[in-house]
Structures are given as C-alpha cells and as structure tokens.
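Every number here is computed from the coordinates shown, using simple stated rules; none is lab data. All figures in this text were calculated on a predicted structure; none of them were measured in a lab. Cβ placement follows ideal geometry from the backbone for every residue including glycine, while neighbour counts extend to all protein chains displayed.
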Amino acid sequence: MTRLAETVDGVIGVDTHRDTLAAAVTDPVGGTLGQTAATADLAGYQRLLVFGRAEVPGRRCWAVEGAGSYGAGLASFLQAHGERVVEIGRPKRPARRTGAKSDALDALRAAREALACDHLITPRRRGDREALRVLLATRHSACRAKVSAINQLKALIVGAPEELRAELRGLGTKQQVRRCARLRDRPTRSLEHRMTVRALRSTARRIQLLATEAAGLRAELERLVAATAPWLLELAGVGPISAAQVLVSWSHAGRLRSEAAFAALSGVNPIPASSGQVTRHRLNRGGDRQLNRALHSIVLARLRDDPTSRACAARRRSQGKSTREIRRCLKRAVARQLFKLLEGHDRAAVVEILRA
C-alpha cells in the first residue's frame, strides 16, 4: 500500500468555512512549513493556489475539509487548475477536552490526517452529478413538507367542528385533500367553523402544490438519468429516484477502489457479530444512508417482481436466515452488481442482455 507521504513533497490542508479559508502546509512527515488565510471567493482561491505553489513547488496534494459543502468551490477551482485534491472529513478532535482549537490548527490536522490515511477520498464531481444531487435534495424536501402538511391536515380534521369532522372523517387521504381544497367559507357559520375551513383549505392546497412540485422534479430526474446512464433504468427494480441516488453517491469511475468499498459506502457490507458458538453478521448502520435507502427500495421491488431474487430469498430462508438478513444479503448483491456496471467492467454485456 502506497502512502501519500511517499508520493508528494508536501500537503496543503485547508479548513473551510462559509466566508473564510485557513490553509497550512506540512512536509511528508507532518512538519509545519507555512500557514495562511484567505476569503472564500475566487480571489481567495487564487491566493491559496499561489501560496501552495510557492510553498510546495514540486509534488503537492490539497487536503480540503468539507469538499462537498463549504470547500466545494475551492476543490472545483483547484481541480480545474490541475491540482491533486483529496477530501478530508471533520478533523479528529484533540485527545483532551482542553486541547487547543483554531482554524489554523484544524488546517494542520487536515493535512496530517491525509498523510495518515490508508485510503484517500477523491471529491465527488460536479456537473451532471451535481445537477442530479440538487434535484434530489429539493424533491426530498418537498416530499417531507408534503408529509408534514398531511399530518397537519389530519390533526385539523380531528379537532374540527362536528359537522366538518363528520363530512371528512370517512374519506381516504387523497379524497380528504381534494374535498378540503374545495371548501368555501359560509358567513352564517360561527367564527370557529369559518377559520377551521380556511385552515383546512390552505393546508390542502399546500399539499397539492407540493405534490405537483415533487412530480415535476421526479420527471426532470428521470430525464437526466436517461441522458446520463439509460441502461441503469433497464435493471430490475431500479427507478429514476433510486438510479439518481446511485449516480450521486458513486460520482465517477475510479473514485472507489473496489466493490467492497462501494458496499461499505452503501452501508450494506456485513459486520461480523459472532460470539461463542454463534457465527453471524449484523446490519451496518453507517455509510451513506440515502444510498442505502435506494438499495433497499431496489431489493423490495425485486422481491416483489423478480423471480431470481425471490428464489434467492427462498434459498436463504431455508438456510435459517431471517428476513432482515435476507434483505442485507440481497442489498450486498445489488451493490456488487451496480458497482461493476458503473465502473464499466461488464456494462456492454449487460446492455446486450437487456436488448435481447
């Protein structure tokens, strides 16, 4: 295994914030060579680039904390100028609670953590991937707001005047939303009745608006996925939302070193949990939970519609596996298949099979 210290002459660690950036340069053994600070804008990015090239004129690497959030602009700028960039998570805190804390020290910790890492992380790409990510995040927000509004509507119906409650109580959710959206004020009713009608109507129309927004975002996601990886939508159980999440989490070929690393990112790699005479594995609660949810949706769809997946589940059940363990095994298999296809290992063969 080749360590970063063996391939560079220095590492520039960057602690990122919304408005400021702190940078620190270390040599291959972690010694401090220099420090600086800059603003989080184009002028600041240029200043840091000049600083890094001056401090490490030879082989260098940038260790950027939060390359997917506050450090996204800097990471993109550096990559566009041919610099090597790795992503560092939140730096480890000092061993003692009274340890010193500053932006400059955090930048140093980022550089030294990059030198100590066994496996460095390449920042996710922007472009088409970022377009999918922002649409996914916006749709997720709209869906959560819709669920919250539905819960609010249900609560309003429970506490509504008896006449309104009797009119709405026996209907399904969709019918309640449609009926409430058409309610009208009646001047002859009490103030409580009229204000409850207004609240129900406003909440129901908000639900309809959010549903329309989510549907439009889903259609846009499907269009982008079809343009980026149309073969992905041909796989059993893979819909546009799951496909978009897979592409967003995977990012680009070569970012993950193996399909085992992709499984760990997905949170579907088996965790040994053996004890005594019992040999078993448990679920992984870590990893990218949005990607894990996408794989879970794919597995549920395959268990419903795919004969091969149902046969595999039956075989696992005969071996004494629980339903949860069977789903974990299937998610691991889906992760293996997706990684090979995303990396292009046997994509041509799969496309030919799908076309046949």
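Numbers below:
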| item | result |
| --- | --- |
| The range 215-222 - phi-based ³J(HN,Hα) in whole Hz, Karplus 6.51/-1.76/1.60, Gly and Pro as x | 5, x, 5, 5, 5, 5, 4, 4 |
| Pairs of Cα atoms farther than 24 Å apart, the range 230-355, % | 28 percent |
| Extension gain, residue 305 back to residue 181 (0.36 nm per residue minus Cα-Cα distance, nm) | 41.0 nm |
| For the range 27-39, 3J(HN,Hα) per residue [Karplus equation, 6.51 cos²θ - 1.76 cosθ + 1.60, θ = phi - 60°, Hz, x = Gly/Pro] | 7, x, 9, x, x, 6, 10, x, 9, 7, 9, 8, 7 |
| Candidate aspartates and glutamates for bridging to residue 146, where Cα separation is under 12 Å - those fewer than 8 sequence places away on the same chain excluded | 213 |
| Per-q log10 I(q)/I(0), the range 1-81, q = 0.16, 0.18, 0.21, 0.22 Å⁻¹ (Debye; single scatterer per alpha-carbon; no solvent) | -0.54, -0.68, -0.91, -0.99 |
| Cβ-derived FRET efficiency at R0 41 Å, residue 166 paired with residue 117, nearest 0.05 | 0.05 |
| ³J(HN,Hα), Karplus 6.51/-1.76/1.60, whole Hz, each residue of the range 174-179, x for Gly, Pro | 4, 5, 4, 4, 5, 5 |
| Lys, Arg +1 and Asp, Glu -1 on Cβ, resulting dipole of the range 128-228 about Cα centre, debye, nearest 20 | 280 debye |
| More than 21 Å apart - percent of Cα-Cα pairs taken over the range 235-308 | 37 percent |
| Dipole in debye (nearest 20) - the range 230-355, about Cα centre, beta carbon charges: Lys, Arg +1; Asp, Glu -1 | 640 debye |
| Long-range amide H partners of residue 122 with built H, under 5 Å | 87 |
| Zone residues, the range 288-327, relative to residue 236, backbone N less than 12 Å from point 7 Å out along Cα-to-Cβ | 299-314 |
| Coarse-grained scattering of the range 66-224 at q = 0.10, 0.11, 0.12 Å⁻¹, given as base-10 log I(q)/I(0) from a Debye sum over alpha-carbon atoms | -0.64, -0.69, -0.73 |
| Difference of contour (0.36 nm per residue) and Cα-Cα distance, residue 128 to residue 189 | 16.5 nm |
| Interchain or long-range residues, amide H under 5 Å from residue 40's placed H | 20, 21 |
| Within straight-line cross-link reach of residue 331, aspartates and glutamates at Cα separation under 19 Å, skipping those fewer than 8 residues along the same chain | 234, 259, 288, 305, 306, 343 |
| R0 of 45 Å, Cβ-Cβ distance residue 7-residue 336: FRET efficiency to nearest 0.05 | 0.90 |
